[in-house]
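Heads up, the thing below is written out as structure tokens.
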Amino acid sequence: MEIGKLNQRITILEHSTRVDNIGNHKAQWDELFSCWAAVSVKNSVENSDNGTTKKVQTLQFMIRQNTMTMGISTTANCISFGGVIYDINGISPNFEYRDYLKITAVARKAGASDE
């Protein structure tokens, strides 16, 4: 892949728990780092649930593979792109050339909890 195709800025978020001043634990997403990516639509479907039509979009993010990006996991991280949060459901590193990392993510449903 040509480096010029990495033309979209994405932010990798990390799940953390914050304790407030009275001891309550609250889940939150903190920015881990941002990077350039090639973004493409892998799948886009509409389904009907309780009379409401919902669009579910799966995107594929291609980013440069390095020590920081190799630490991304499906459970502790998500992606912010274009004002939408995407839950990571697949990570495919390229072990042969060690140049790019392919991440598959689904748009987070409205009202989904952070936990």
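Residue-wise HN-Hα couplings along the stretch 26-34, as the Karplus relation 6.51 cos²θ - 1.76 cosθ + 1.60 with θ = phi - 60° gives them from phi, are 10, 7, 8, 10, 10, 5, 8, 6, 10 Hz; Gly and Pro carry x.
Convex hull over the alpha-carbon atoms of the chain: what's its volume per residue in Å³? Don't skip to the answer; put the middle values down first.
On the way: hull volume 14.2 nm³, N = 115.
About 124 Å³ per residue, rounded to a whole number.
Here the contact order of the chain, divided by its residue count and restricted to Cα pairs under 8 Å and six or more residues apart, works out to 24 percent.
Which residue, Ser92, Gly82, Gly4, has the largest displacement toward the positive end of the dipole of the chain when charges sit on each Cβ (Lys, Arg +1; Asp, Glu -1)? Selected residue: Gly4. Partners of Lys54 within straight-line reach, counting lysines whose Cα lies under 25 Å from its Cα and excluding those fewer than 8 residues away in the same chain: Lys42, Lys109. Amide H to amide H, with H built 1.01 Å from N, Ile85 comes under 5 Å of Arg108, counting only residues 5 or more places away or on other chains.
What's the local net charge at Ser80, with K and R +1, D and E -1, over the other residues with C-beta under 12 Å away? Don't skip to the end; give the middle numbers.
Values: positive: Arg9, Arg108; negative: Glu14, Asp30, Glu31, Asp87.
Combined, the nearby Lys, Arg, Asp and Glu give -2.
Applying the criteria of a DSSP loop state and at most 12 other Cβ atoms within 10 Å to the chymotrypsin sites (Phe, Trp or Tyr not before Pro) of the stretch 29-115 yields Phe95, Tyr97. The modelled label-to-label distance for the pair Thr75/Thr52, using points 7 Å beyond Cα in the direction of Cβ, is 3.0 nm. Could you identify which residue out of Ser48, Ser73, Ser92 has the top mean-square fluctuation in a GNM of the chain using Cα springs shorter than 10 Å? Maximum fluctuation in the GNM of the chain, among the listed residues, is at Ser48. Along the stretch 90-102 the Karplus relation, 6.51 cos²θ - 1.76 cosθ + 1.60 evaluated at θ = phi - 60°, assigns HN-Hα couplings of x, 10, 10, x, 9, 6, 6, 9, 6, 10, 10, 10, 9 Hz to successive residues, with x for each Gly and Pro. If only the Cβ of Lys and Arg carry +1 and only the Cβ of Asp and Glu carry -1, the dipole of the chain around its Cα centre is close to 260 debye.
Positive contributions from Lys and Arg (+1) and negative ones from Asp and Glu (-1), summed over other residues with Cβ under 13 Å from the Cβ of Gln60, come out at +3.
Can you give the FRET efficiency to the nearest 0.05 for Gln28 and Glu2, using r as the Cβ-Cβ distance and R₀ = 30 Å? Show your work: numbers first, answer last.
Numbers: r = 36 Å, r/R0 = 1.22.
Once rounded, the FRET efficiency stands at 0.25.
Within the listed set Thr75, Thr52, Thr11, the residue fluctuating most in the Gaussian network model of the chain (springs between alpha-carbon atoms under 10 angstrom) is Thr52.
Each label was represented as a point 7 Å from its Cα along the Cα-to-Cβ direction; for His15 and Asp99 these points are 3.4 nm apart.
Only the coordinates and a few stated rules stand behind these numbers; no lab work does. Everything numeric here is computed off the predicted structure, so don't read it as measured data. So basically every Cβ, Gly included, is an ideal-geometry build from the backbone, and we count neighbours across all protein chains shown.
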